[in-house]
1. Could you do me a favour and compute the accessible area per residue for the range B:300-452, 1.4 Å probe, result in Å²?
2. Which ³J(HN,Hα) values in Hz, rounded to whole numbers, follow from the phi angles of the range B:53-65 under the Karplus curve 6.51 cos²θ - 1.76 cosθ + 1.60, where θ = phi - 60° and Gly and Pro get x?
3. When Lys and Arg each count +1 and Asp and Glu each count -1, what net charge do the other residues less than 10 Å away from B:Gly270, Cβ to Cβ, add up to?
4. Enter the mean number of other protein chain beta carbons within 10 Å of the beta carbon of each residue in B:379-386, as an integer.
5. Give the long-range amide H neighbours of A:Ile60: residues separated by 5 or more places, or on another chain, with amide H under 5 Å away, using H modelled in the peptide plane at 1.01 Å from N.
6. Please give the direction-averaged projected area of the C-alpha convex hull for the range B:263-382, in square nanometres with one decimal.
7. Kindly provide the Kirkwood hydrodynamic radius of the range B:390-665 in Å, to one decimal, from all pairs of distinct alpha carbon atoms.
8. If you take the C-alpha gyration tensor of the range A:2-222, multiply each eigenvalue by 5 and take the square root, what semi-axes do you get, largest first, in whole Å?
Amino acid sequence: MNIVVCIKQVPDTETKIQINSDGSGIVTEGIKYVVNPYDEYALEEGVRLKEKFGGEVTVISLGPERAKEAIRNCLAVGADKGIHLNDPSFEGSDSYVTAKILAKAISEIPFDIILTGKQGVDFDNSQVFAYLANFLNLPFVSVVMDLELSSDLKSVTAKREGEGGEKEMIQIPLPAIIAAQKDLNQPRYASLPGIMKAKKKEIKNLTLSDLDFSADEVGEKGSRVKVKNYSLPPERKAGQIIQGEDPTEVCEILVKLLREEAKII
Amino acid sequence: MDVTREIFWNVGNVALIVYILSAIVVFILVYGFYKRVKLWRVGKEEKRGDFIWERVKSVLLFGFGHKKTLNETYPGISHFILFWGFVILFLGTLIIFLQEDVFSPIFNLFFLHGNFYLWFSLILDFSGALAIIGVLLALYRRYVIKPDRLDNIFDDFFSLILILLVLVTGFLTEGARIAATRPDFERWSFFGWHIALLFNPSWIEVASLLVWHKIFWWVHLGLAFLLIGYLGYSKLLHIFSSSLSLFFRSFEPKGKLKPILDIENQESFGVSKVEEFSWRQLLDADACTRCGRCQDICPAYLSEKPLSPKKLIQDLKTNLLLSSKSLKKENPEEKRPHLVGQSISEDELWSCTTCFACQETCPVFVEHLQKVIDLRRYLVLMEAKFPQELTPMFKNLETNYNPWAFGFATRADWTKGLEVKSLSEDNDVEILFWVGCSGSFDDRSKKVSKALVKILRKANINFGILGNEEKCCGEPARRIGNEYLGQILIQQNIEVLKNYGVKKILFTCPHGYNTFKNEYPQFGGEFEVFHHTDFILDLIQKGRLKIEKKINGDLTYHDSCYLGRYNDIYDSPREILKHISDGKIKEMERKREKSFCCGAGGGRMWMEENLGKRINQLRVMEAEKTDAKTIASACPYCLTMLSDGIKEKGLEEKLETKDIAELVASLL
């Protein structure tokens, strides 16, 4: 079984995000990058499928040179091959362009299932898997919490979480795209032999010309979404503790505040 | 009539038979012992050949002197008198042998007579009697008192009874001989004389006495030979194996784990098969006598978790014995129980708080801790199998260099408003304050960091911190078994510290202190390190810190394992407390070397405590019994665990926790 896992390298979730002086982006200095947490669930599922049904897991990622480290981390927990879509002209690609480049690279390798996270925790667009499905003309299920392969390996049944928290069971034929939600599994920690072996595994570097794109099809030029300006959300105000001995009295103040200040009741 | 006795009296010319039999039983003993040595030798190399004189001293002090064994009165004394009784009886037998077979035939010298014989008889009789009392005490304790920590197997019973019978038949033989010959000087053989009085001529004739003597003599000889032969195949082997354990004890600092050297180029990590332990670690399996002192003091066992240090060593022994058979065969994996998972469960390994109480109390220097860590290393590094709550902890250490999910760039946020300088601003400082992860991120421990800053400023100490360049010291990762991550953090810290030319480092956390003091040198990081309790006491004693006021209310002090047992800092914190309080310290029942862990060591801080009782609550309840108002401590883990314990037990009104630095700072 050929399993492809799309991953993204994102700033660590604990990063103190700062906006650069002209508001055109974030300060990247001193940021620690990690594998997007949702992609880790996708990768874990991919490795489990491989362990169960055999085959190969290929990790693919679009990003600058530093993204190699993220791919290497995936190789340490059981992926077999890495593909790094790495070209300066790819920088600034939106979800649409990212999916386009990914689709091109994936279409050149064999695949039975494509797994990825339900969203990247940096921009939280949650679009790449859908675009990818469109480009590759494949069915997809997103926000997947549980995944089961049919015994003939021809279809998957995915349990997904709807907007309102309702659960849906969807069966689709393979090949298909699955976007992982966090309850899908418990991602493993890399064993030390795994880390050591990962250092020797191949990561294929693919550039603009390798994928037959022209520079104005990708990156900011090819993108449909342009970010005009970045700003930090307003700081959250400190909470208020209502003092008082008598619960009735406290409740009255609370109701008054909810009505007049918060205006939610 | 000469004051002596005839060797082989009344038994005829049997010397040759006796010596042939002796040679056979000694051979059986030596063969048994040789087989054990071979068994230990399946382990890996480990150098323990240094400090020869210290090693001999260990055997004299802890073996012949019973120094640790006597820490407990009843079992200590019963073993002591049994041991010494037998040592003297052995020497007595040796003297007889020398007289009979060396000095007499070769030099025609006869010394076993006259006053020497009388004293010889008295001392040997006395020793025999002591040994009997020792055995009876042991039997009484084992089968009547039945302490929880003793598990009885047939070997225990048989060994004690055999020893008893050897001793009793010895006295009966002596008594029969004295009764038959009745020399008056044999009053010196005090006990034998009284037994002789039992063989009164009024009911037994001399002729039948002679027959009885012969029977006793042969039975005594047979039992003694049985005992000697049995030595090499039973728990009695500990006479040799425990002595070897004492001789080959570790002289490394207690708080030093063996590193995995050249970790990048190794292929397997930790221990999953007995032969991956060192020979010294396997020797422990036979050195352990199942006395159970370790179990009696183990916080995991006492809080009803699956771990008992005694059982761990015994399970290792069982695995070693079962493996030894398949080790010889062509297919070495055949019918071999897995060391981890079958012989020793994963829960046992994760229950250990690495508090060191087991090793501290072990009379024969069994080394439990390194084994636990070696087995954990296998689970973590090879199998990536560990309690799942540790995954985020490891990832946090990897990305943010602290065990919690705090961004590394916020490490120095606690200094806001304090203007503590970091070395990146100015590295011309007297001492570096290593704040540590708890001191930087944990709200409770941040107060301790601030208190120490106040103290250092009052004492005009020019200090600095590393700020955001500080990373986890690596200690929790190493204790959990993630040697790789631990070493990465250690290397990175050493590099930063060397860049700034740091020489002296001050710690509030005993875990950081211990690892810097005892483990960083393994990786090329040599620094002069101080724990704040030693440091503050020094400031007080030198007059650099003047404390006029006193703390209100009674204090008790909780010893941190890594400060006390690991680094022998028991007195400094107590001295400070005496300085700042009116009353005496209200000590808890378990203190100093026997102090009870808070439950957070060995990475337990980041694991759920789902099994058994909560260790911190047991400790808090012990503190409550002292009627002290404040539990003083000197470790951020202890502070967290005890504070939680107080809350969990609803004792907030009665008890509070304070770090010693906080107590001192509150008086400045």
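1. 38
2. 5, 4, 5, 4, 4, 4, 5, 5, 6, 8, x, 5, x
3. That works out to -2.
4. Whole-number average of other-chain Cβ neighbours for B:379-386 is 4.
5. Residues meeting the amide H criterion: A:Val5, A:Cys6, A:Ile7, A:Ile83.
6. 7.7
7. Evaluated over the range B:390-665, this radius sits at 18.9 Å.
8. They are 26, 20, 19 Å, listed largest first.
The values are calculated or read from the model by the stated rules, or taken from the named source; none is laboratory data. Everything quoted here is computed from the prediction, not taken from an experiment. In this analysis, Cβ positions are derived from the backbone assuming ideal geometry, glycine residues included, and neighbour counts consider all displayed protein chains. These area figures cover heavy atoms from the full protein model, side chains too; ligands, DNA and RNA do not enter into them. Shrake-Rupley method; radii C 1.70, N 1.55, O 1.52, S 1.80 Å.
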